[in-house]
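Heads up, the thing below is written out as structure tokens.
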């Protein structure tokens with residue numbers, strides 16, 4: 001997810017292509033006769049648990065299908081930014097693509113509902129909702145735009161604000177603050193309610209935007225802050241935990257429905273196992289990341305959430321989104337989150 005500038009990016013892509021060619025030479029003979037070749041693209045660095053577990057799933061799928069299914073992984077924005085890849089998975093140029101529901105919200109408005117600020121108090125609540133009635137309700141909405149959604153959502157984590165200039169201790173500290181947000185209506189709305197100046201930027205451009213001071217800060221889970229090396233261009237990390245975010249694994253509906261049922265079953269089984277392992281990876285990773293980031297020079301602070309929630313309520317944030325999501329959807333969320341006012 002970190003951007004690789006200029007010549008380095010070209011070298012990286014050329015190196016990746018060369019590595020892919022070498023890997024192809026080393027594959028067993030059956031891999032040359034794959035009946036179903038699928039492209040899996042994402043915005044995540046190769047070393048992130050999501051890609052490590054995806055690689056395991058892909059290898060297991062190939063083995064169980066005796067080489068009939070060959071899924072090729074294109075990590076780290078190789079095939080474009082989030083909005084580009086969403087278009088590609090809809091058109092069929094990409095077959096499988098994990099994406100935050102809050103970015104998918106530009107196409108499926110309901111998909112962003114899990115990102116309502118301070119909705120989930122802990123992971124137990126997150127998984128009860130997203131693996132339960134709320135998640136099923138969201139997947140049904142996504143299916144209407146001809147995208148297949150796997151039952152389990154990847155963990156991206158609770159998001160925290162990083163800055164280059166000052167710690168964020170209260171909502172007042174965000175007034176006029178130039179912060180990057182993903183290209184998502186809910187993110188933009190939330191930070192406007194805080195009085196900030198949010199700018200929608202795909203993650204592939206975030207590192208350079210911070211480096212050149214186009215923006216002062218951004219917000220992401222600790223794992224992304226670490227793996228994307230944002231600590232190199234950010235000094236403070238304010239542990240706001242203002243929202244939980246995950247990635248739905250989306251497949252082009254026409255392509256998915258064209259696969260034999262037995263192939264669908266094998267892919268689903270291994271993708272689900274990969275997601276469950278990834279969630280545990282993120283949990284264990286987060287346990288040690290704060291200390292690691294401190295060692296790399298980041299300064300942490302721990303704001304009270306009260307001022308942030310009060311600012312959102314005063315600005316009518318929850319009321320606005322209740323109107324947009326509708327009473328039925330909000331009732332399904334509030335079954336887990338409690339009343340959001």
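The table below gives the values:
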read-out	value
Exclusive hit being in contact with a helix residue (DSSP H, G or I) (Cβ under 8 Å, 6 or more places away or on another chain), assigned by TED's automatic domain parsing to the domain that holds residue 68 and either without any contact (Cβ under 8 Å) to a residue 12 or more places away in the chain or within 23 Å of residue 70 (Cβ to Cβ) (or both), set 263, 282, 267	267
Within the range 290-321, tally of residues that are surrounded by 18 or more Cβ atoms within 10 Å (Cβ to Cβ) and over 17 Å from residue 191 (Cα atoms)	2
Test result for residue 178, touching a strand residue (DSSP E or B) at 6+ places or on another chain (Cβ under 9 Å), surrounded by fewer than 23 Cβ atoms within 10 Å (Cβ to Cβ) and outside the structural domain of residue 77 (by TED's automatic domain parsing)	yes
Test: residue in the range 39-48 that is more than 20 Å from the chain's Cα centre (by Cα), surrounded by 12 or more Cβ atoms within 10 Å (Cβ to Cβ) and either at pLDDT 95 or above or not in a loop (DSSP other than H, G, I, E, B) (or both)	no
Residue within the range 136-151 that is at pLDDT 95 or above, at positive phi, surrounded by 17 or more Cβ atoms within 10 Å (Cβ to Cβ) and not assigned by TED's automatic domain parsing to the domain that holds residue 235 present	no
Test: residue in the range 154-171 that is assigned to a helix (DSSP H, G or I), surrounded by fewer than 18 Cβ atoms within 10 Å (Cβ to Cβ) and in contact (Cβ under 8 Å) with a residue 40 or more places away in the chain	no
All positions within the range 191-212 that are more than 28 Å from residue 42 (Cβ to Cβ) and surrounded by fewer than 20 Cβ atoms within 10 Å (Cβ to Cβ)	192, 195, 197
Flag for residue 71 being buried (at least 24 other Cβ atoms within 10 Å of the Cβ), more than 16 Å from the chain's Cα centre (by Cα) and in the same structural domain as residue 135 (by TED's automatic domain parsing)	no
Residues of the range 226-249 classified as under 24 Å from residue 125 (Cβ atoms), in contact with a helix residue (DSSP H, G or I) (Cβ under 9 Å, 6 or more places away or on another chain) and at pLDDT 95 or above, total	11
Given (1) crowded, with 20+ Cβ neighbours inside 10 Å; (2) within 23 Å of the chain's Cα centre (by Cα), number of the condition residue 283 does not satisfy	(1)
In the range 105-119, the residues that are within 14 Å of the chain's Cα centre (by Cα) and outside any helix (DSSP H, G or I)	105
Verdict on residue 140 being assigned to a helix (DSSP H, G or I) and under 25 Å from residue 84 (Cα atoms)	yes
Scan of the range 289-337 for residues that are more than 28 Å from residue 237 (Cα to Cα) and assigned to a loop (DSSP other than H, G, I, E, B), ordered by number	326
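The values are calculated or read from the model by the stated rules, or taken from the named source; none is laboratory data. As the structure is a prediction and not an experimental result, all values here were calculated from the model. Heads up, the Cβs are rebuilt from the backbone with ideal geometry, glycines too, and the neighbour counts pull from every protein chain shown.
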